[in-house]
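Visitor: Got a structure for you, questions after.
The values are calculated or read from the model by the stated rules, or taken from the named source; none is laboratory data. Bear in mind that the values here come from a model prediction, so they are computed numbers and not experimental data. As a convention, Cβ positions derive from the backbone with ideal geometry for all residues, glycine included, and neighbour counts pool all protein chains shown. Ligands, DNA and RNA are excluded from the accessible area calculation, which covers all protein heavy atoms including side chains. Shrake-Rupley method; radii C 1.70, N 1.55, O 1.52, S 1.80 Å.
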Amino acid sequence: MKKGVMRPGHVQIRVLDLDEALDHYRDLLGLIEVARENDRVFLKAWTEVDEYSVVLRQADTAGMDFMGFKVLDEGTLDNLRQALIDYGVAVQDIPAGDLPNCGRRVRFTAPTGHNFELFATKNQTGKWGIADRNPEAWPRDLKGMKATRFDHCLLYGDDIDGVLDLFVEVLGFDLAEQVIDPENNKVGIFLTCSMKEHDVAFIKHEEKDKFHHASFYLNTWEDVLRAADLISMHDAPLDIGPTRHGLTHGQTIYFFDPSGNRTEVFAGGDYFYPDQKVVTWEVEQLGKAIFYHDRQLNERFLSVLT
Amino acid sequence: MGFTLHIVHGDQLDSQAIAADLPLLHSLARTGHSPIKVGCKGGGCGVCKVRVVDGSYAAKPMSKAHINDNDKAEGIVLACRIIPTSNLTVVPMSTTTNE
Ligand code: FES
Ligand SMILES: [Fe+2]
């Protein structure tokens, strides 16, 4: 049941070199650089109304610092904060302004070791490059793949049952799709707080707090093919694709940023309503579930993480 | 111009040509059957870890989650982040992290 979590609001990604990272996220992926401060750069995808959604932080390791979800309003944030505490999760209150032009955030660590946060307020600058009255279809001067929005993250961690319970019971997400093993244990879960097939997903893995990818939405399969061309022109490391996922049925391509963090751009994919039955894939069919055309898992998908 | 890479597999030694202007792993990946595991190619995932036992190279930043200062001093590096400046002799290492 929905509890007022609206959408993925931001992700902070650690990179080994900020300038190289900008070459990837700004010039290849097509995000817009909106601000810089010390060791961080803030970017947005053009259809997003908030000021930024991707934060790149210069660090000596790669990976994800945190993923933030935007909730309906400050009252909802209070309710969810209390619900987390009642559930037994330690919360950290981060004051407004810690992220520039962003309101207070409620941070917690999920049972898989990943840091998440909730926030209600961020400066809204509107869609980039088009007016909010009588808007044109799209801005003319986008770069690279012209990513339209930060869509979801896929994270690897150990306690899948724990993170599922927390996201469903406390945060009001629904389980849209799952991968189960022969003993009915969940090894993959795709969670939604919207009409999208996933807003965040987890795959079972022995280590905590591993980052598999951040994903960005494109409008069409043609755009995914164009992204593939750009990956070659840019000589960026390709992981796999263009192909289709069985899970969620999105059309996808994966590639790596210059620090080894995986990026996905995808189009299409199924939609979700809360009365739908959970879509289940059996782990014996994992190859097809992940790469619908090859029907074979590449080892890199399971083992190359940051 | 290029260099020669010698890879130690137990008591066997394989040799192949590598480029002088590319990270070691990128040279190997171009052949389609790299003897060193290919992952993210960006120094983040750690699967391409090797020990350089002979030769010199220039290194780009590598994730501290996989390579600490001690490792570096012992020639333990990520193959995707070193650019050879001489012939190299390397030993592939396990793919586990040393966090
Ligand atoms: S391939 Fe990922 S660190 Fe070298
Ligand atoms: Fe994805």
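Visitor: Given the conditions (1) touching a residue at least 24 places away in the same chain (Cβ under 8 Å); (2) open to solvent by less than 20 Å² (accessible area, probe 1.4 Å); (3) more than 15 Å from ligand 2 (Cβ to nearest atom), and given that A:G287 satisfies all but one, which numbered condition is not satisfied?
Guide: Result: A:G287 fails condition (1) only.
Visitor: Next question, about the same structure. Just to be sure, is A:V54 open to solvent by less than 30 Å² (accessible area, probe 1.4 Å) and either hydroxyl-bearing (S, T, Y) or in contact (Cβ under 8 Å) with a residue 12 or more places away in the chain (or both)?
Guide: Yes; evaluated as a whole, the condition is true for this residue.
To keep it simple, each residue is scored yes or no on (1) touching a His at 6+ places or on another chain (Cβ under 6 Å); (2) within 14 Å of another protein chain (Cβ to nearest Cβ); (3) of a type outside the set (F, W, Y).
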site	(1), (2), (3)
A:A267	no, no, yes
A:D270	yes, no, yes
A:Q276	no, no, yes
A:E282	no, no, yes
A:Q285	no, no, yes
A:H293	no, no, yes
A:Q296	no, no, yes
A:E299	no, yes, yes
A:S303	no, yes, yes
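Visitor: Sticking with this structure for a sec: Please go through the range A:151-172 and pick out each residue that is more than 14 Å from every other protein chain (Cβ to nearest Cβ) and within 16 Å of ligand 2 (Cβ to nearest atom).
Guide: Passing the criteria: A:D151, A:H152, A:C153, A:L154, A:L155, A:G157.
Visitor: Could you pull out every one of the strands (runs of 3 or more DSSP E) wholly within the range A:21-136 that has 1 or more residues that are within 14 Å of another protein chain (Cβ to nearest Cβ)?
Guide: Those strands (runs of 3 or more DSSP E) span A:54-58, A:63-71.
Visitor: Look through B:A73, B:A65, B:A20, B:A79 and report the one residue that is closer than 22 Å to A:P258 by Cα, more than 14 Å from chain A (Cβ to nearest Cβ) and either at pLDDT 95 or above or more than 12 Å from the chain's Cα centre (by Cα) (or both).
Guide: The match here is B:A20.
Visitor: Restricting the search to the range A:228-245, which residues are surrounded by 15 or more Cβ atoms within 10 Å (Cβ to Cβ) and either of a type in the set (S, T, Y) or away from chain B (no Cβ under 14 Å) (or both)?
Guide: A:A228, A:L230, A:G241, A:P242, A:T243, A:R244, A:H245
Visitor: From the set of residues in the range A:246-278 that are within 14 Å of ligand 1 (Cβ to nearest atom) and small (G, A, S), which is surrounded by the fewest Cβ atoms within 10 Å (Cβ to Cβ)?
Guide: Ranking the qualifying residues of the range A:246-278, first place goes to A:S259.
Visitor: Turning to a different aspect of this structure: Within the range A:60-91, can you find the residues that are more than 18 Å from A:V5 (Cβ to Cβ) and open to solvent by 20 Å² or more (accessible area, probe 1.4 Å)?
Guide: Those that are more than 18 Å from A:V5 (Cβ to Cβ) and open to solvent by 20 Å² or more (accessible area, probe 1.4 Å): A:D60, A:T61, A:D65, A:G88, A:A90.
Visitor: So A:H213 passes all but one of these: (1) in contact (Cβ under 8 Å) with a residue 60 or more places away in the chain; (2) open to solvent by 30 Å² or more (accessible area, probe 1.4 Å); (3) under 30 Å from B:H66 (Cα atoms); (4) not polar (S, T, N, Q). Which condition number does it fail?
Guide: (2)
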